[in-house]
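What follows is calculated from the coordinates using simple rules that are stated; it is not laboratory data. Fair warning: this is a prediction, and the values are worked out from it, not measured in the lab. Cβ: placed from backbone, ideal geometry, glycine included. Neighbour counts: every protein chain shown.
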2 protein chains.
Amino acid sequence: MSLPHAILTALLEKPSSGLELTRRFDRSIGYFWSATHQQIYRELGKLEEAGQIRALRSAEPARGGKKEYEVLPAGRAELAEWVGRSEEPKPIRDALLLRLRAAAVAGPDAVAGIEKELGRHLALHEAQLAEYLDMERRQFGPDQDSEADRLRYLVLRGGIELERFWTGWLTEALATLRTR
Amino acid sequence: MSLPHAILTALLEKPSSGLELTRRFDRSIGYFWSATHQQIYRELGKLEEAGQIRALRSAEPARGGKKEYEVLPAGRAELAEWVGRSEEPKPIRDALLLRLRAAAVAGPDAVAGIEKELGRHLALHEAQLAEYLDMERRQFGPDQDSEADRLRYLVLRGGIELERFWTGWLTEALATLRTR
DNA sequence: GGGCGTTGTGCAACTTGTTGCATAAGCGGG
DNA sequence: CCCGCTTATGCAACAAGTTGCACAACGCCC
């Protein structure tokens, strides 16, 4: 159950409205924890109910007016507690690897179709890698002073290396399939 | 919605009962598509209902007796169709990366606790990598004749490289944290 | 033969994530 | 002024995944 903590983190970085959060989940935070606007609104409601966040300028009309949230001390405490918790790494669930394994039993005609899919994914991961490398260049110069900066850089490094894994493996897979 | 297709794949590789499937999902298949016995039983019921699989020796008493399933032609067709489908790669959801990012805003005391967690994960991923390398050594000799063997080997290669990513990144992360 | 652990199947309730749609304010153009 | 577009919040229904437990058969062993 990490979504509430993802939201608390995002709100601590910068107080935001629901839609702003949604946008940020499509960019930085969402690169390792995605969420739709529905999940976010629902969770914001629960967090407010639980007294962990609070709406600013609450007098706005209920519908159509933007509502900004900030984290309360209880929310910060909950987040700190969660960060210290231990959790088993969940096994991956990857449909592409599953497809490949299914292709092995589904017959040779299935293999032909999957090659295109592998190529498509390769292009997507290459684009994502390029974007991360761009972020690395722009946001993280040679001088990382603060602890927080170094942690954020580590997270980005994770994204970069993960995309390198994908591009590398997909390239290998395509090469193998083509020499059949 | 990949679980039914994971089950069809497993059943094509070898007809099994619900519990046998569960065990196999804890080993090979589950390395990239995990599932609990609950999900599997529920899904087996649906697949049988849909006429894609069939129980062997169905006269067994309803409770406590094992029920083996095999794939029917309709199931094989459905799987082949699914293999050819296109699907967007879903953004990762990784709690550890999220924790690290949360630690950056939750304060320095949170950082101390996370170091232990990173070390624990590193050990787990190293063990998984060793297991994959062992499988590689035992199951895949230098001679891979059949197309199906090569595809299965590619899937294993994916697992290996993914674990290499994790061990590499976790090592880097721990080194960075320790030189603060 | 009665208790005990293992194997095996399954229901029910819950949480989490997704999809489709409704509502409303604000803004700009014809 | 009203039509359509964007911004913004939200309900409802559904699908997928998780957790806790119940129940039955089998072997075993004392």
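Cα-based Rg (one decimal) and Dmax (whole number) for region A:1-101, in Å?
15.6, 56
Picking from B:S146, B:S17, B:S34, which is most flexible by a Gaussian network model of chain B using Cα springs under 10 Å?
Highest fluctuation of the listed residues: B:S146.
Considering all alpha-carbon pairs of region A:95-178, what whole percent are spaced by more than 20 angstrom? Working shown, then result.
On the way: 1618 of 3486 pairs.
The answer is 46 percent, as a whole percent.
In whole Å, what are the extents of chain B along the principal axes defined by its C-alpha atoms, from largest to smallest?
Result, largest extent first: 66, 41, 34 Å.
For a quick check of your reading of the filter: which trypsin sites (Lys or Arg not before Pro) in region B:1-30 sit in a DSSP loop and have no more than 16 other Cβ atoms within 10 Å?
Taking region B:1-30 and a limit of 16 other Cβ atoms within 10 Å, the loop trypsin sites (Lys or Arg not before Pro) found are B:R27.
Partner chain Cβ atoms within 10 Å, averaged over the residues of A:157-166 - can you pull that number for me?
On the way: counts 5, 12, 4, 1, 6, 7, 1, 3, 9, 5.
Per residue, the number of nearby Cβ atoms from other chains is 5 on average.
If each Cα of the protein assembly as shown is one equal point scatterer, what is log10 of I(q)/I(0) from the Debye formula at q = 0.06, 0.09, 0.13 Å⁻¹?
Cα-only, vacuum Debye calculation for the protein assembly as shown: -0.28, -0.62, -1.12.
Return one number: the angle in degrees, 0 to 90 and rounded to the nearest 10, between the long axis of the Cα atoms of helix A:73-83 and the longest principal axis of the Cα atoms of chain A.
Taking the Cα atoms of chain A, the angle to A:73-83 is about 30 degrees.
Just need the relative contact order of chain A here, percent rounded to a whole number, with Cα pairs under 8 Å and 6+ apart.
Values: 130 pairs, mean separation 32.0, N = 180.
It comes to 18 percent, rounded to a whole number.
Considering every residue in B:68-79, what mean count of other chain Cβ atoms within 10 Å of its Cβ is obtained? Provide the component values of the computation, followed by the final result.
Working: counts 0, 0, 0, 1, 0, 0, 0, 0, 3, 1, 1, 7.
The mean count of partner-chain Cβ atoms within 10 Å per residue comes to 1.
Before rounding to the nearest 500, sum -39500 (n - 2.57) across all DSSP H runs of length at least 4 in chain A and divide by the residue total; then give [θ] at 222 nm in deg cm²/dmol.
-22500 deg cm²/dmol
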